[in-house]
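J.: Please find one structure pasted underneath; my questions will follow.
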Amino acid sequence: MADLDHRRGRNLDRLLMASLATCDWVRKHHNVIITGPTGVGKSFVACALAHKACMEGFTVRYHRLHRLLEDLQLAHGDGRFLKLLKQLTRFHLLVLDDWGLSRINALHQRDLLELIDDRYQKGSIVVTSQMPVSVWHEGMEDPTLADAILDRLIHNAHHIALKGESMRQRLPKWQNLPEKTSVTEARQP
Ligand SMILES: Nc1ncnc2c1ncn2[C@@H]1O[C@H](COP(=O)(O)OP(=O)(O)OP(=O)(O)O)[C@@H](O)[C@H]1O
Ligand SMILES: [Mg+2]
């Protein structure tokens, strides 16, 4: 969290970040939603929060949402679904990066609801998205499932709405290589 650039115009609220840095939101099983245009620093902030949670002794898992939803679908086929779901529920904090990159179909919505419902008031979720929360509902195929998913996710969520130009443009090319971070993407066996 110490490396966070609080440059003006990016809407990274120091007070909110300081309060999130205490990890009380993880203790209370609250969620964090980070939105904003590409390159503005959503994944960076999500990983900073996850890293802080690790430092405080919480267990963390990072997934790109669409890869996780594909994994969960495959897991139905070979009988790993419940095991995988149980594994995901065990972590204090789950990071779901890149929500809404493509439309979420009803099959994926069912799995997402199971995942979010299992974690509801038992664990925290950080979601990042380029899309504002107001259009997440229409980015899902089944409106009833979308209601159930979003109600559980947004209830008790802190919202960081980042604004401004891509941070990638500020960095020399060699610094745009993938970051090394202590929170690595989990891959299913
Ligand atoms: N607050 C920050 N302080 C310092 N560096 C940052 C900060 N936010 C982002 N960066 C750097 O800017 C680059 C882009 O950030 P990041 O990948 O988090 O953007 P993003 O919003 O997740 O983009 P996308 O929507 O394309 O996934 C990265 O190299 C990251 O290290
Ligand atoms: Mg990102």
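What follows is calculated from the coordinates using simple rules that are stated; it is not laboratory data. As the structure is a prediction and not an experimental result, all values here were calculated from the model. Glycine also receives a Cβ, built like all others from the backbone with ideal geometry; neighbour counts cover every protein chain displayed.
J.: Amide H neighbours of Ile34 under 5 Å, counting only residues 5+ apart in sequence or on other chains, H built in-plane at 1.01 Å?
T.: The list, which skips near neighbours in sequence, is Val127, Thr128, Ser129, Ile160.
J.: Between His30, His92, His76, where does the largest GNM mean-square fluctuation fall for the chain, given springs only between Cα atoms within less than 10 Å?
T.: Maximum fluctuation in the GNM of the chain, among the listed residues, is at His76.
J.: List Tyr62, Tyr120 from most exposed to least, where exposure is judged by having the fewest other Cβ atoms within 10 Å.
T.: Tyr120, Tyr62
J.: Now for a separate question. How do Ser134, Ser124, Ser129 line up, fewest other C-beta atoms within 10 Å first?
T.: Ser134, Ser129, Ser124
J.: Given the Cα atoms of the chain, and with Rh set as the inverse mean 1/r over their pairs in the Kirkwood sense, what is Rg to Rh to two decimals?
T.: Rg divided by Rh gives 0.95.
J.: Which helices, counted as full DSSP H runs in the chain, have an axial Cα extent of no less than 18 Å and a Kyte-Doolittle average of 0.0 or above?
T.: Span-like helices, by this rule, are 42-55.
J.: Which value at 222 nm does the chain reach when only helices count, each DSSP H run of 4 or more adding -39,500 (n - 2.57), with the total divided by all residues and rounded to the nearest 500 deg cm²/dmol?
T.: Helix-only estimate at 222 nm: -12000 deg cm²/dmol.
J.: Further, regarding this structure: Ile104: net charge of surrounding residues, Cβ under 12 Å, Lys/Arg +1, Asp/Glu -1, itself excluded?
T.: -4
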